[in-house]
Structure formats: structure tokens, C-alpha cells
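The values are calculated or read from the model by the stated rules, or taken from the named source; none is laboratory data. Treat the numbers as computed from the prediction; the structure is a model and nothing was measured. Here the Cβ positions follow ideal geometry from the backbone for every residue, glycine too, while neighbour counts run over all protein chains shown.
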Amino acid sequence: MPILTIDTVTKRYGKFTAVDKASFEARPGRILGLLGPNGAGKTSTIRMIANITAADEGEIRLDEKPVGPWVQRHLGYLPEERGLYKKLKVSEQLLYFAQLRGLRRDDATGRIRHWLKRFDMEKWAASKTQELSKGMQQKIQFISTILPDPDLLILDEPFSGLDPINSELLRDIILEQKDAGRTILFASHRMEQVEQLCDDICLIAEGRILVHGSLRDIKNSFGRDSINLEFEGDGAFLDPFVSSGQIRITSRTHHSAEIRLLNGAPARNILEAAVNHTDALYRYELVMPSLSEIFISLVEGKSAA
Amino acid sequence: MNRIPIVLKSEFKRRVTSKGFILTTLLGPIGILVFFGIIILISAEAVDSDSRTIAVVDDTNVLLEHMLNLQSVDHRFTPVDAPLDTVRAQTLAGVYDGYLHLPAGLLTDEASPEYYSPEGGGFSLANDLEYRIGHALRQHRIGEHNLSPEVLKSLDTNVSLGLMKLTDDGEEAGASWVYSALGGFMGFLIYMTMLIYGTVVLYGVIEEKSTRVVEIMISSIRPFELLMGKVLGIGLMGLVQLTVWALLMMGGLALAGVVAGMFLDPSTLGVPATASSQELLAAADITLPNVSVDVFVWFVLFFLVGYLLYAGLFAAVGSMVEQQQDTQGLLLPVMMPIIVSIMFISPVLENPHSSLAVILSLIPFTAPVPMVVRLAVTEVPLWEVLLSFSLLCAGFVATIWVSSRIYRVGILMYGKKATLKDLIRWFRYA
């Protein structure tokens, strides 16, 4: 099973540098979350891995072999912008994509039947793609990605447009693929999904890698610097902490707040204030920051620097 | 592994099985017939509306009679016995379209006829009137000499020039205008089909780009394979359509021959009553052009490579835009040469060996139309055909190379319209 290596890769479009000496690694049997704000260079990176474009500098290797046209035989790529031939029937569409990726016709038809059944789409096999709902098209697209059993799966926002039931089904299948030893690259903005699924993360901003490593290590490195509060009463007691730059409130309702401690502010100050100023304190919890909090602080720290 | 055939097959099948394709393929010839029928009707109508009512003031008292003896489909001549001023007033009031004054001195060459009309008349009207008056004058002068009817009859000649085509086989085949018509038709057909099928390629590329399916495609195959598969698949579709059209039209011609044969009377043509419809047609001097197979083979070859050349360019244009509306400005420079080649179709038809015709048929971008026209109407030296075809093939290789370099970058570009500077940059990308 392959290791995907991105080795000091740079990609420029004219004067614009989309990816700047990026290096990271994705391993078999693990899911790597590729995160970054819009325009960070995620799609550029993915396109180089898929051999759609070529790196200007550096090298991308799959199993220590530099990528080339051959890599497309080992790859299942689900782009963020979905697209299908609207006039083709579902089964024709899947067969076409499968044949383009080297599957024989009889082999492909068996697999198509299997996956349509798995996604509860059998009765749509003879329908034209344009008759399908967006969620169903999404499932067809995923099936076409996974059909040839690729060693390396690149999934860009695979859950967008899916209802909770189908999201869960998709998550199960992705985890199955992981257990089968596939290397999976998962690009997303949805931090809670990344946090649920990924073993490793790689955070890109402005073409550079900000953080790369296992999710647990990264969270540990931030320590328990976040507080979850639930209380009865006025939350205004938090405002002086905000204005003095000791905390940042990442989410706030009438009776709850998620707080991030800044500049080494002691957590007990918040506790004391909460006890003194609220009618009742239901919850005070010192936790590791959420991934989205890490994401925001890293990206903002980057642009501030 | 080469995946062009897979793309080709899918593109071909998808299009050939569409309702639109089946309809246009079966109804195309009818459409063409209706199209030409309407043109003929309109021209006939235009000639009709041209007919004038002309008052004739004949001071010679003899010429009008002779003029009226000549049949006229165009104009009605009305003898008028009134003062010129009155006729003038009537003409201005719209009673007549114009009036012709034949002065008495005309008989002795001392005066000239004059035609007056509010619109001033036209070149063809002047020709027609001159011919009629000249004829009338001649008839009148012949009559003055009391010639016998035999002499008069022997003077009455009617020459119709027969245009024959001389080929290497020494055969004098049917009327030359049939070849001109065929050449014009084939030239027009190659022009239309290159444009139509090129546009199908253009819209195919735009559709793939706007539905974003292209990103999936090129994560599976190389852009060049997608481009070539698509272009070849649509070309094959075009070839099938042309073949069906050719068969339908040949069938239609054969049927027309049989039908015409049924309406011809064997006895008036001096052939036995048992004669076949072909013999009947031959006796009635209705000949179908005897076109050698070479012409059709070259037609197919020039159509195919010409289509491929333009399809590549159309695909490049398609890759640069996201919507069909955005193509206009970009398409014009691409279509310019092909429009030039169809604009020059009639000089090429009239003089297929002029240097204009030769030069046009050697430039790859303009070659297909004039070359097919020339092959149909005349004998073109083989070396010239081969040179033209080789240059066309070389042109195709060059344009597909340029097009595929633009295409592979263009299909991934969204958001802004490409400028010429972008194009040059894309072209240089690794």
C-alpha cells in the first residue's frame, strides 16, 4: 500500500505562487485531513497529485515513484466541483468512467451493481443523470470515484449536499476504505467532520504548510487552553476579559460560551468571575481547543506575522 | 494504454442515438430540398415582380407589330395613340411603368428610340428593349425586300451553345453546368458540415467545462485523449450523417428518374415503347453527371481532415469560455478563413485554374472548399491535389498541437475570460 509523499513542491501560475515549497506525507490506513482557507492552494496541490498539472519545483511520489500519467490508474479523485454527463444514464455514466480508468466491461458492471445497491440507488440505474436529485448525483459521483478500488482516494468535501443518513453511510464507507489500508486524503472546511474522521491533518494557508502531523499531537501541543461554560444569568462579566485581550469568545449564546485563553491568561480568573457574576454555574470545563479554533488561530497568526 | 477509442465510442454513441441526430439525418435532405425550393420560388417571384407595363408611342407605325411578335414573359407592351405629353402625365400618374418612344426617323437611322420611366430603368431592361427594337427593325427591313418565306426561315437561326466537359478518358460527358452545380453543392456542403460539426465540438467542450465533469475526466485520462476522442467521435458521427444523406439523395435521384420516365412518351422520343426509363431519359437528353469515384473519395478525405483541423480550433475556443455566449468574439478569427473560402466559391467555379483558385486550395485553412469545387468541375493535376492534401494534413497536426496545449489549461480555468496574453502563457505551461 502506497505512501504519498509531497516533497518541497512549488506551483506557480504566472507571478502568483499557489503552492510554496510544500512538504507532507499521507500514509496507508490513515486519513489525512487537508485543511485551509479558500485559495490556500489545496486544489492546486490535489491537481498536482492527480497529475492534472505538473509541479514547477519539487517532487510528488507515490510509493517512492514520481507521479506521472501512471498515477491516475491508482487514484480515485472526487473534486469539490461535481460534474456528470447530464444526458447519460446512471449505469452508462458509471461504466464510461470505469472503462476510462482501465476496468473491463463485465468487471465494471458487477461492481456498479454492488455499489448502487450499497447506496440504495439500484432503481435509478436506467434513469438519466439529470433526473436525479443533487444528493443522488453526489452518491453517483462517489461511486464512480471508488469503483476501480483505487489505492489512493482524494475526497474534496465529500459530504456536501448529503443528508444525515447518507452522510453516515458515506462515513462508514470511508472508514471501511481506511481499514482496508487505502491512503485517503480528505479536504474539507467542515472542522467537526475532519475532527471525527482524520488521523492526521495538514493545514495550508497562502500556499505554505502551517502544521502537519497527527491530530492528537497537534491538539496536545496547544494544551488545555479552552473553556466551555454553561450558566444562568448575565454573560457580560466576560467582556472585560475580552477587552483586555485575555480571552477570545469563539461561540456564545445566552447561557453558554466557548472561550479561548490568550497570552497565558490563567484559567482560574474566568472561573472566579463566573462564580461571582452568574446566578448559577452549570458547567466549567477546561479542554483542548477544537480543530476549528486551532485552524483560526493558526491562519490568523500567520497573516498577523 | 490509449483511451481515445473509449472516449470516441462514448461520444459517438451518445450523439448518434439522440433524437436530434436521428431527425436531422432523416429529414436533412428534405430540408435541403425545401431550402433550394424556396430559393427558386423567391427568385421566380422576384422576376415576376420585375415585369412592367410599358406604353409604346410608335411614330413609325410598323415597328411595334414586329416587337409584339417576339414573346415576352417580362413586359407588357401597350400601344398608345396619344400625344407624348399625355402619355408622360399618365406614366407619372402610375398608369404605366414607363413609355417607349419610337420616332419616325428611326427607320432611316436619323433618330434614336427613347425610354422614359420614373425609376430610370435598369441594365437588363435596356438590353431587352435594345434587342427587341433591333429585332423589329431588322424584320421590317427584311420585309421591305420582299424575300421569300424560305429565305426568311433560313435566316431565322437559334443558336444554343452546348458546353461539354473533356476528360482524359476522351469522353464528352453531359452539360457542364451540371458539374458546376455539383461542385457548388459539394463546396457548400463541406463548408456547412465543417462549421456544423465544429460547432458540435465547441458546445461539447463548453458543456464538459460548465458542468465541471472535465476535472473528473482529466484525472482519469490525458486532456489530449479526451480532445481527440471527442473530435474523432463527432467526426465519425458526421461521416455517418453524410453517408445516410448521400444514400437518401441517390435513392431520391433514382426514384426521380423512374418517375420522370413514366411521364415521358416513348413514341415522341423515337424509342421503342419497351425502352427502359434510362433509355428514355437518354433519348430525352436528360443526363445525370458521370462523376468519377475519385471525386467522392477526395471529398470525404478533404471533409475529414478539414473538419479535424477546425474541430481542434473550435475545441480550443470552447476551452477558453464557460458559456456559449462568450464564444462570439473568439470564434470570428477562427472562422474567417473558412468564410473567405466560401466567399470565393463562384470565382473558383468560373475559373478553376486561376491562380486565386490554386492558392486558396493550397492554404490549409481555406483548402477544403475550393479543392472540392475544382475536383468536381475540372481535372486537377494529381500532384496539386496531393500537395494540397499533404499541406492540409500538416496544418491539422500543427493546429491540434497548438489547440491541445491551450485546451489542457483552458478547461481548468474559471472565473475570467481569457485574453491573448493568457493564451500565450497557457501555451508555455509545462
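Here are the numbers:
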quantity: Test: residue in the stretch B:406-422 that is aromatic (Phe, Trp, Tyr), within 14 Å of another protein chain (Cβ to nearest Cβ), within 24 Å of B:VAL321 (Cβ to Cβ) and in contact with an Asp or Glu (Cβ under 9 Å, 6 or more places away or on another chain); calculated: yes
quantity: Where a residue in the stretch A:264-277 is touching a residue at least 24 places away in the same chain (Cβ under 8 Å) and its partner, wherever it lies, is loosely packed, with under 10 Cβ neighbours inside 10 Å, with Cβ under 8 Å and at least six apart; calculated: A:HIS277/A:ALA236
quantity: Residue match in the stretch A:53-75 (condition: more than 15 Å from A:ASP151 (Cβ to Cβ), under 15 Å from the mean Cα position of the chain (by Cα), among the aliphatic types (A, V, I, L, M) and modelled with pLDDT under 90); calculated: no
quantity: Subset of the stretch B:337-361 that is in a loop (DSSP other than H, G, I, E, B) and under 20 Å from B:LEU195 (Cα atoms) - its residue that is farthest from the chain's Cα centre (by Cα); calculated: B:SER361
quantity: Evaluation of B:LEU382 against (1) touching a Leu at 6+ places or on another chain (Cβ under 9 Å); (2) farther than 25 Å from B:GLU215 by Cα (one fails), failing number; calculated: (1)
quantity: Output for the stretch A:141-150, where each listed residue is among the β-branched types (Val, Ile, Thr) and within 11 Å of another protein chain (Cβ to nearest Cβ); calculated: A:THR145
quantity: Those residues of the stretch A:250-262 which are surrounded by fewer than 19 Cβ atoms within 10 Å (Cβ to Cβ) and touching an Asp or Glu at 6+ places or on another chain (Cβ under 7 Å), in sequence order; calculated: A:THR250, A:SER251, A:HIS255, A:SER256
quantity: Residue count for the stretch B:1-31, restricted to those that are facing chain A (nearest Cβ under 10 Å) and among the aliphatic types (A, V, I, L, M); calculated: 3
quantity: Residue list for the stretch B:73-110, restricted to those being free of Cβ contacts under 8 Å to residues at least 12 places away in the same chain and either hydroxyl-bearing (Ser, Thr, Tyr) or surrounded by 19 or more Cβ atoms within 10 Å (Cβ to Cβ) (or both); calculated: B:THR86, B:THR108
quantity: Residue within the stretch A:105-116 that is modelled with pLDDT under 90 and among the small types (Gly, Ala, Ser) present; calculated: no
quantity: Enumeration of residues in the stretch B:391-418 that are among the hydrophobic types (A, V, I, L, M, F, W, C), closer than 16 Å to B:GLY229 by Cα, surrounded by 15 or more Cβ atoms within 10 Å (Cβ to Cβ) and more than 30 Å from the chain's Cα centre (by Cα); calculated: B:ILE411
quantity: So B:LEU387, is it surrounded by fewer than 21 Cβ atoms within 10 Å (Cβ to Cβ), in contact (Cβ under 8 Å) with a residue 12 or more places away in the chain, part of a helix (DSSP H, G or I) and within 14 Å of chain A (Cβ to nearest Cβ); calculated: no
quantity: Looking only at the stretch B:185-236, and only at residues there that are basic (Lys, Arg) and either under 31 Å from the mean Cα position of the chain (by Cα) or in a helix (DSSP H, G or I) (or both), the one that is modelled with the highest pLDDT; calculated: B:LYS230
quantity: B:ARG52, sole failed condition from (1) within 44 Å of the chain's Cα centre (by Cα); (2) at pLDDT 80 or above; calculated: (2)
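Residue by residue, here is whether (1) charged (D, E, K, R); (2) facing chain B (nearest Cβ under 9 Å); (3) buried (at least 22 other Cβ atoms within 10 Å of the Cβ) holds:
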position	(1), (2), (3)
A:THR5	no, no, no
A:VAL9	no, no, yes
A:VAL19	no, no, yes
A:ILE49	no, no, yes
A:GLY58	no, no, no
A:ASP63	yes, no, no
A:PRO69	no, yes, no
A:GLU92	yes, yes, no
A:ARG111	yes, no, no
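Rundown of residues vs (1) in a loop (DSSP other than H, G, I, E, B); (2) facing chain B (nearest Cβ under 9 Å); (3) at positive phi; (4) touching a residue at least 24 places away in the same chain (Cβ under 8 Å), yes/no style:
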site: A:THR53; (1), (2), (3), (4): yes, yes, no, yes
site: A:GLN72; (1), (2), (3), (4): no, yes, no, yes
site: A:GLU81; (1), (2), (3), (4): yes, yes, no, no
site: A:LYS87; (1), (2), (3), (4): yes, yes, no, yes
site: A:ALA108; (1), (2), (3), (4): no, no, no, yes
